Amino acid sequence: MQIRPILATLKHHKAGTLLIALQIALTLAIVCNALFIIHQRLAHLSQPTGLDESHLLVIQNQWANKPTKGDISSLLADDLATLRKVPGVANAYATDGYPLSSGGITYGIGHSPDKLNFVSNTAIYFADENALPTLGLKLVAGRNFRSDEIGEIGGRDKIAPQVLIITSELARRLFPGESAVGKMAYVSDKPSIIIGVVERMQTPYVDSAMAQWSDCSTLMPFHQLVTPTNYVVRAQPGQLDDVAKRVRAALYAANRLRVISPEDGVKTFAQVRAQAYKSDRGMAILMASISVILLAITAAGIVGLTSFWVGQRRKQIGVRRALGATRHDILSYFLTENLLIGVGGVLLGGVLALGLNLWLMKQFEMARLAPGYVLAGVVTLLLLGQCAVLAPALRASNVPPVEATRSV
Amino acid sequence: MLKMTHLSKVYRTEVVETYALRDFNIDVKEGEFVAVTGPSGSGKTTFLTIAGLLETFTGGEYHLDGMEVSQLNDNARSKIRNEKIGFIFQAFNLIPDLNVFDNVEVPLRYRGMKTPERKERIMNALERVGLASRAKHYPAELSGGQQQRVAIARALAGSPRLLLADEPTGNLDTQMARGVLELLEEIHREGATIVMVTHDPELAARAQRNVHIIDGQVVDLAEDPRFHTAYTAAAGQVRG
Ligand SMILES: Nc1ncnc2c1ncn2[C@@H]1O[C@H](COP(=O)(O)OP(=O)(O)OP(=O)(O)O)[C@@H](O)[C@H]1O
Ligand SMILES: [Mg+2]
């Protein structure tokens, strides 16, 4: 190949060469970090909740007139009965929160009443015997709650459940290598017995700071007598949209003294999910847009500079043709030249990418960039360069040899 | 070596057709040193570019080294230019970004020659033109005469059988021009066929044979009436 003379030529065109190499380097640094962030967000987004989401909808109900604890007890029972009678509804239960609801209670759970000595964080969900069938949670060991185990608590009451259902991830942390069913665990100063283990149930939080225990949830057998209350409703197959339209009217017909927000009082789980991951999705889209724009600018820069160089070198291209260069020789000259600049750019860019990642790790607790992303970025940019340079290089290869004899 | 019969070359633009060459006949034998003269715009450069396969022609026949060239494709033409023909241009046409060594190397690289052989040929060629010590210089650091000698070294390095020169001394002063001509004569003595376009009657006189082109045709100086008219007119001007 003609690498040495091409490098010699580039030495005489330092400004343009450096400009493009730097542009490639910066683009690589940003694009592979952006790709990494996108991929992480997408992985985050696709984390399963463990719920049978496609059949679920949630209702947030606010009571009017500040009812007492005792009032709410019967209001709740009436509402659940009303909901079960709505055509298309398979089941329903009342709870303080649900996966991706983004707010809720967090406890430490451990082997002793000592609060500072817990084994793991866990999200707390209040549930009754209908929670598992409604959510479609898969029981992998033990049993569901019985109706006689469900207690009632107010907003400020001390919580000391006798029985618990936990996720398999939490069970593994509490009792590694053993069955958790029948064992005792502490969420209060009194021990609770674990009666069941469900395969998976995500916490309400999508924040990456809580990602370490995103599958550590605990179901407690209580009806919480506060307002607002959430109802989770399971529709029969194919009935979700109809049920979503019917439930509000049914609840208002049974009791007018309530507020169910017309905007988001009734949400399908798909809407819950979209809302929970809105910022993740937004970030992914932003990163993707930035990447595309940067790549486009870099490609445009390469096209521009190469076109300029081809125009500037028409005469010497003609001379080369006159001296025996084939069209292909000229084409490969410009492709090679671009590749050399590109290689310089990606070498620098690789270092910059790792540097940027280190900075992001420090500032935003980002994970370490996997080398695969840098490699993917390198390949992308080199290919992009070759594609961008192709049109001007083809133009160069069409400069006729007679150009050598034309006076300037 | 180089034989054109009834050759024509038409340049077509939107408005006009220019016959740069018409019914053009020439036969240059192997080992000849031919000087081509003629007024400006008569078609000398056109003849040379067609002879050197830099351009195609419109009609007629051209045999180069016994081969009819009009059927050759672009790659074959490149290969012949590279291996059989050496070019020397009026404007030197060195590549400004490359040093003297790399300039001379250009045609050899396109021949796919191995590095040691390339190096040897380049240094030999530069020694021939007396510029071996300037191998690392850039064209801009050399005088016009030196640049033209580099161009000659570049043409020589590939040992071409045919050397085509378009006013190789046109941009040089008399002394440098003489040096370049001596170099060409030496190359000719070693067996190369040379066709040189020149305006300079003194240089033309030193060639073995002179070919005169007027209006895109080769004319016999002694017989052509147009030459007489031109000559008479010029003589009249001098007298007046
Ligand atoms: N690319 C072109 N397009 C149109 N006409 C052309 C082209 N090249 C040359 N010609 C015309 O062809 C004719 C011959 O031109 P050519 O360059 O061969 O003359 P020349 O004898 O080399 O002249 P000079 O001594 O000035 O170099 C001229 O009339 C010129 O205008
Ligand atoms: Mg000319």
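Before moving on, here are some points about what is shown:
- Within the option set B:Leu94, B:Leu21, being aliphatic (A, V, I, L, M) and in contact with a Ser or Thr (Cβ under 6 Å, 6 or more places away or on another chain) holds for one residue only, B:Leu21.
- Condition met for A:Val379 (within 16 Å of ligand 2 (Cβ to nearest atom) and over 25 Å from the mean Cα position of the chain (by Cα)): no
- Within the range A:98-157, tally of residues that are over 15 Å from A:Thr218 (Cβ atoms) and of a type in the set (Ser, Thr, Tyr): 5
- Only residues that are buried (at least 19 other Cβ atoms within 10 Å of the Cβ) and part of a helix (DSSP H, G or I) were counted across the range A:112-151, and they come to 4.
- Any hit, the range B:170-178, residues being β-branched (Val, Ile, Thr) and either surrounded by 18 or more Cβ atoms within 10 Å (Cβ to Cβ) or within 14 Å of chain A (Cβ to nearest Cβ) (or both): no
- Of everything in the range B:1-44 that is within 13 Å of ligand 2 (Cβ to nearest atom) and not in a loop (DSSP other than H, G, I, E, B), the residue that is surrounded by the most Cβ atoms within 10 Å (Cβ to Cβ) is B:Val36.
- Applying the criterion of being within 16 Å of ligand 2 (Cβ to nearest atom) and aliphatic (A, V, I, L, M) to the residues of the range B:45-61, the residue that is farthest from the other protein chains (Cβ to nearest Cβ) is B:Ala51.
- Checklist (1) away from ligand 2 (no atom under 16 Å from the Cβ); (2) within 14 Å of another protein chain (Cβ to nearest Cβ); (3) surrounded by 20 or more Cβ atoms within 10 Å (Cβ to Cβ) applied to A:Asn357, failing item: (2)
Let's see how each residue does on (1) at pLDDT 90 or above; (2) farther than 22 Å from B:Leu54 by Cα:
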position	(1), (2)
B:Pro107	yes, no
B:Gly144	no, yes
B:Ala151	yes, no
B:Arg154	yes, no
B:Ser159	no, no
B:Ala165	yes, no
B:Val180	no, yes
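- The range B:56-74, residues that are touching a strand residue (DSSP E or B) at 6+ places or on another chain (Cβ under 7 Å) and not in a strand (DSSP E or B): B:Phe57, B:Thr58, B:Val69, B:Ser70
- Residue check, A:Phe175 in contact with an Asp or Glu (Cβ under 7 Å, 6 or more places away or on another chain), surrounded by 15 or more Cβ atoms within 10 Å (Cβ to Cβ) and either in the same structural domain as A:Ile194 (by TED's automatic domain parsing) or not polar (S, T, N, Q) (or both): no
- Pick from the range A:360-408, criterion outside any helix (DSSP H, G or I) and among the β-branched types (Val, Ile, Thr), ranking: nearest to the other protein chains (Cβ to nearest Cβ): A:Val408
The values are calculated or read from the model by the stated rules, or taken from the named source; none is laboratory data. Small disclaimer: the values here were computed from a predicted structure and weren't measured. Methodologically, a virtual Cβ is constructed for each residue, glycine included, from the backbone with ideal geometry; neighbour enumeration extends over all protein chains shown.
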